[in-house]
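The values are calculated or read from the model by the stated rules, or taken from the named source; none is laboratory data. Nothing here was measured: the structure is a model prediction, and the numbers come from that model. Methodologically, a virtual Cβ is constructed for each residue, glycine included, from the backbone with ideal geometry; neighbour enumeration extends over all protein chains shown.
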Amino acid sequence: MSNTVPKILIVGGGYAGFYTAWKLEKHLRKGEAEVTIVDPLPYMTYQPFLPEVAAGSIEARHSVVALRRHLKKTKIVAAKVTGIRHADKVATITPIAGDPYELEYDQIVVTAGAVSRTFPIPGIADNAIGLKTIEEAVAIRDRLMSNFDKASVLPPGPDRDRLLTVVVIGGGFAGIEVFAELRNFASALVGRYPEVTFDDTHFHLIEAMSRIMPEVSLKTSEWVLRDLAKRGASVHLDTQVTGAVDGNVELSTGEVIPSDLIIWTAGVMANPTVVRGGDLPVEERGRIRTRADLRVGTEEEFVEGAWAAGDVSAVPDLTGGGVGGYCVPNAQHAVRQAKLLAKNLVAVLRGELPHEYFHKNLGAVAGLGLYNGVFQSGKIALKGFVAWVAHRGYHGLAMPSWERKFRVVWGWWNNFWLGRDLVNLQAVQDPRYVFEEFAARPRPPQPAEAAAPAKAVAAPVEKVAATS
Ligand SMILES: Cc1cc2nc3c(=O)[nH]c(=O)nc-3n(C[C@H](O)[C@H](O)[C@H](O)COP(=O)(O)OP(=O)(O)OC[C@H]3O[C@@H](n4cnc5c(N)ncnc54)[C@H](O)[C@@H]3O)c2cc1C
């Protein structure tokens, strides 16, 4: 008996994928379609919180949303989609355990997001870390704290300097946020380490362009530069990184900055595994060509049964405000596109017409460490404490689900009274170290024992008369 219920396959359970599934659960009638979401991770990550996680202001687990807790009617598969043959409506699923297999679908929603985009600069792939995942944010926090621990027991010198030097590459929103948050975090740590002074810590941000944060006005970005300078953080504009071998960050100016924490935030690119591993149309910048109604295809022609949203897609920005005519890759768009995509998909299943995506940019808000931030919407700019309140207010509300909002806001409330949690669990990377050190092991065979089993022979005992 053939199953006639349409099968919807969602590739990626991040912002756009999670919201699409969440809204499909709401809009679909019982038995109208089967929805499957495939993601190697069991959670969606609220990426705007990554800088605050790196700075210890938000508990890592609170800034992700467990798919199984919030998607009650969606089938969740812990796997990567490693191929899409849309001509046959088949996807290759590579599960986190077991063999790859093929899955048939009727409708595919591609929301596999973006990954850090790097250049072939010697040493970067081996020594830098990105900031796209919660694991990276946690590792950055733990590395900074461990480096303080190590520095506190080392004499002054190059090894200690390297440990206390942080380099961020890329002066976009994510780069500036993590740079400012870490500077603020390091200043807080200095108070807890009498062996380390503020002047021992060094913060460098490298930006190839002549300005930072293209999302805000030049005037606002200059305010951020002045603010960072006041906090002892150096921003190198018009400068490129030419090498990072052995953690020695070489700049186009000739300067070399040895660092034990190099963070790469200089751009993202649409998920190459999914884009290149499929037969859906791709535009010049490597994103899936998507129409304003979120179906894959061009204005003239759409690909039946294929949808895309978020960072992996090139969706026309009908407001005219987008870069090159397309929506910029951000959460603001990913969430709204996903909500419309779910509605449109249900409409198409019911033989109705889909609507076009239209969203005017609301502006940008960034946290720059505790009690400091920046906000820009059109010509309106807020700076300092008010902007920081706006940042927390906006993101506290934007976090999906009340359960998650509550955990994040409660954490902020606790930190306000108790201070940041300064526990460093880097040892979790090697959790068996104590057990292993003291674990009893079978005694290795001794050379004598390893030879032919000896018969018990009574050793000749010399009787010696005790003399006094
Ligand atoms: C540090 C930082 C700060 C940011 N701050 C802001 C901000 O303040 N405001 C804002 O609007 N935007 C912000 N953004 C951007 C925003 O987070 C992204 O635009 C948004 O996450 C895009 O959503 P997405 O669903 O397209 O991709 P993602 O949320 O990245 O989700 C992609 C999902 O696909 C999964 N996946 C990957 N490969 C496969 C595969 N082969 N098969 C199946 N699944 C796969 C991933 O595991 C992931 O769950 C920030 C980003 C960063 C990194």
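So the values come out like this:
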| read-out | value |
| --- | --- |
| Condition met for residue 262 (touching a helix residue (DSSP H, G or I) at 6+ places or on another chain (Cβ under 6 Å) and among the β-branched types (Val, Ile, Thr)) | yes |
| Criterion: more than 9 Å from the ligand (Cβ to nearest atom), under 19 Å from residue 344 (Cα atoms) and crowded, with 24+ Cβ neighbours inside 10 Å - qualifying residue of 28, 9 | 9 |
| Candidates 216, 224, 196, filtered to the one that is buried (at least 18 other Cβ atoms within 10 Å of the Cβ) and modelled with pLDDT under 95 | 216 |
| Check on residue 323, without any contact (Cβ under 8 Å) to a residue 12 or more places away in the chain, assigned by TED's automatic domain parsing to the domain that holds residue 342, within 15 Å of the ligand (Cβ to nearest atom) and among the hydrophobic types (A, V, I, L, M, F, W, C) | yes |
| The range 44-89 - residue that is hydroxyl-bearing (Ser, Thr, Tyr) and near the ligand (Cβ under 8 Å from one of its atoms) and, of those, nearest to residue 179 (Cα to Cα) | 46 |
| Which numbered condition residue 448 misses (of (1) touching a helix residue (DSSP H, G or I) at 6+ places or on another chain (Cβ under 9 Å); (2) at pLDDT below 95; (3) in a helix (DSSP H, G or I); (4) of a type in the set (A, V, I, L, M)) | (1) |
| Residues within the range 289-301 that are more than 17 Å from residue 275 (Cα to Cα), without any contact (Cβ under 8 Å) to a residue 60 or more places away in the chain and crowded, with 19+ Cβ neighbours inside 10 Å, tallied | 0 |
| Test set (1) outside the structural domain of residue 277 (by TED's automatic domain parsing); (2) part of a loop (DSSP other than H, G, I, E, B) - residue 30 fails condition number | (1) |
| Any hit, the range 271-281, residues being among the polar types (S, T, N, Q), crowded, with 18+ Cβ neighbours inside 10 Å and out of contact with any helix residue (DSSP H, G or I) (no Cβ under 6 Å at 6 or more places or on another chain) | no |
| Any hit, the range 69-88, residues being in a helix (DSSP H, G or I), on the phi < 0 side of the Ramachandran plot and under 21 Å from the mean Cα position of the chain (by Cα) | yes |
| Strands (runs of 3 or more DSSP E) lying entirely in the range 165-273 (those with 2 or more residues that are over 30 Å from residue 308 (Cα atoms)) | 165-169, 202-206, 233-236, 241-243, 248-251, 256-258, 261-264 |
| So residue 167, is it more than 16 Å from the chain's Cα centre (by Cα) and not hydroxyl-bearing (Ser, Thr, Tyr) | yes |
| Single residue of the range 274-294 satisfying the filter (outside any loop (DSSP other than H, G, I, E, B) and either of a type outside the set (Lys, Arg) or in contact with a Ser or Thr (Cβ under 7 Å, 6 or more places away or on another chain) (or both)) that is nearest to the ligand (Cβ to nearest atom) | 274 |
| Residues that are part of a strand (DSSP E or B), within 13 Å of the ligand (Cβ to nearest atom) and within 30 Å of residue 88 (Cβ to Cβ), drawn from the range 98-132 | 103, 108, 109, 110, 114, 115 |
| Subset of the range 336-392 [assigned to a helix (DSSP H, G or I), within 16 Å of the ligand (Cβ to nearest atom) and surrounded by fewer than 17 Cβ atoms within 10 Å (Cβ to Cβ)] | 389 |
| When residues of the range 97-114 are limited to those that are farther than 12 Å from residue 12 by Cβ and surrounded by 12 or more Cβ atoms within 10 Å (Cβ to Cβ), the one farthest from the chain's Cα centre (by Cα) | 106 |
